[in-house]
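Accompanying notes for the structure given below.
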Amino acid sequence: MEVIICSSYEELSRAVAGVVADIVRAKPDAVLGLATGSTPLGLYKELIRMHKEDGLDFSKVTTFNLDEYVGLQPDHEQSYHYFMRENLFKHINVDPANTNVPSGTAENYDEYCQQYEQQIKDCGGIDVQVLGIGGDGHIAFNEPCSSLASRTRIKTLTEQTIDDNARFFDKKEDVPIFSITMGVGTILEAKKLLLLANGANKADAVAAAIEGPVSAMCTASALQLHPHGMIFIDAEAAGKLKMREYYEWIQTQKPTAPAS
Ligand code: F6R
C-alpha cells in the first residue's frame, strides 16, 4: 500500500480528488464508492470545484455509499442519504438514479443487503472506494471484530463510535445503535482503495492500520491485503508511524522510479 503524507488537510483533499478525477476522466462511467463523515468533506468540495470550474463530468458515473444508520429516513438531517445529497450529489451532474446509499429503513435487511451486493456486481464492481477511518480503526461501520470476509449487513455500533458521532446529533441518545454497512470483504473487492485520515485523534488507528498486524480488531488493517491501497494522511494523523521517514522517502523518489 502507498502511504502519502500531506502537509495539510487541504492538500490531502486535493490529492485524493486528483486520483478520483483521473479515474472519472479515464472511465466516464466509473463506479465510485463513497464515504460520509467529516474527513471526505474537503474531497467533495474539491470535486464540486472541479465539476464547476474544470468541467469534470459525472453524468455517467454510478456511486455506492458504504453505510447508513438504521432507522433514519433519507430526509433526516443526520442520515447519510441527506449528507451525500447536501455535500456532493446536488452540486454535481451525477444522475440521482445512479446514486446508491444503503437504506436504513428496509423491511427485510437480509434480502436488501444481498440486493445491494448484487447491484454493485451488476455495475461491474467499484472502481475506486473512498474510505475514512474511525478512532477504533473501523472502515465503513465494520467495528472491531468484524470478519475480514464480511459482506453488507447490519452492524451494532461500539460505544466509542456512538460517542464520536454524537457531535452530529443533538444528544448522544439520538445516535442510532445499528447501521447497515458494506462488509470488509465487499470493500476489498473494489479495484482501488483510498483511505483518508487527518488529525491527531486518528494517529493510533492509522498506525494500527498501516503497521499493525492484519487483524479484525482494526478492520482498516485489511487494506494491507489489497494490491491497490493508497492512504492519504496529514502530519498529525501520521504522528505514530514508525516507518514515516521511509514513506516520505518513497514519495520523494517517485519521479525517478522505473515506469510500471
Ligand atoms: C462513514 C464511514 C465511517 C467514517 C469514520 C470516520 O461513511 O464509513 O467509517 O469514515 O467513522 O468518520 P469521520 O470522518 O467523521 O472522522
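Since residue 26 meets every condition but one in (1) away from the ligand (no atom under 15 Å from the Cβ); (2) touching a helix residue (DSSP H, G or I) at 6+ places or on another chain (Cβ under 7 Å), which condition does it not meet?
The failed condition is (2).
If I filter the stretch 39-54 for residues that are within 22 Å of residue 157 (Cβ to Cβ) and in a loop (DSSP other than H, G, I, E, B), do I get at least one hit?
yes
Assuming residue 191 fulfils every condition listed in (1) of a type outside the set (A, V, I, L, M, F, W, C); (2) surrounded by 16 or more Cβ atoms within 10 Å (Cβ to Cβ); (3) in a loop (DSSP other than H, G, I, E, B); (4) more than 14 Å from the chain's Cα centre (by Cα) apart from one, which condition is it?
(4)
Run residue 135 past the list (1) of a type in the set (Gly, Ala, Ser); (2) buried (at least 22 other Cβ atoms within 10 Å of the Cβ); (3) within 9 Å of the ligand (Cβ to nearest atom) and report the number of the one that doesn't hold.
All conditions are met except number (2).
Residues of the stretch 83-107 being more than 16 Å from the ligand (Cβ to nearest atom) and of a type in the set (A, V, I, L, M, F, W, C), which ones?
92, 94, 97, 106
Quick one: in the stretch 194-246, which of the residues that are within 15 Å of the chain's Cα centre (by Cα) and part of a loop (DSSP other than H, G, I, E, B) is surrounded by the most Cβ atoms within 10 Å (Cβ to Cβ)?
Applying the filter and picking the extreme gives 198.
Taking the stated definitions as given, is residue 176 at pLDDT below 95 and over 24 Å from residue 120 (Cα atoms)?
No.
Can you tell me which residue among 45, 52, 60 is surrounded by fewer than 18 Cβ atoms within 10 Å (Cβ to Cβ), closer than 18 Å to residue 83 by Cα, out of contact with any strand residue (DSSP E or B) (no Cβ under 9 Å at 6 or more places or on another chain) and not hydrophobic (A, V, I, L, M, F, W, C)?
45
If you take the residues in the stretch 55-82 that are part of a strand (DSSP E or B) and of a type in the set (Val, Ile, Thr), which one is nearest to the ligand (Cβ to nearest atom)?
So, considering only residues that are part of a strand (DSSP E or B) and of a type in the set (Val, Ile, Thr), the one nearest to the ligand (Cβ to nearest atom) is 63.
Restricting to the stretch 181-196, name every residue that is farther than 12 Å from residue 150 by Cβ and either within 12 Å of the ligand (Cβ to nearest atom) or of a type in the set (A, V, I, L, M) (or both).
190, 193, 194, 195, 196 - these are the residues of the stretch 181-196 that are farther than 12 Å from residue 150 by Cβ and either within 12 Å of the ligand (Cβ to nearest atom) or of a type in the set (A, V, I, L, M) (or both).
If the requirement is being surrounded by 15 or more Cβ atoms within 10 Å (Cβ to Cβ) and either touching a helix residue (DSSP H, G or I) at 6+ places or on another chain (Cβ under 7 Å) or farther than 16 Å from residue 131 by Cα (or both), which of these qualifies: 156, 181, 186?
186
Here are 122, 127, 110: which of them is surrounded by 17 or more Cβ atoms within 10 Å (Cβ to Cβ) and more than 16 Å from the ligand (Cβ to nearest atom)? Break it down into steps so the answer makes sense when it comes.
On the way: 122 fails: surrounded by 17 or more Cβ atoms within 10 Å (Cβ to Cβ); 110 fails: surrounded by 17 or more Cβ atoms within 10 Å (Cβ to Cβ).
Among 122, 127, 110, only 127 is surrounded by 17 or more Cβ atoms within 10 Å (Cβ to Cβ) and more than 16 Å from the ligand (Cβ to nearest atom).
The values are calculated or read from the model by the stated rules, or taken from the named source; none is laboratory data. Source: prediction; values computed, not measured. Backbone-built Cβ (ideal geometry, glycine too); neighbour counts: all protein chains shown.
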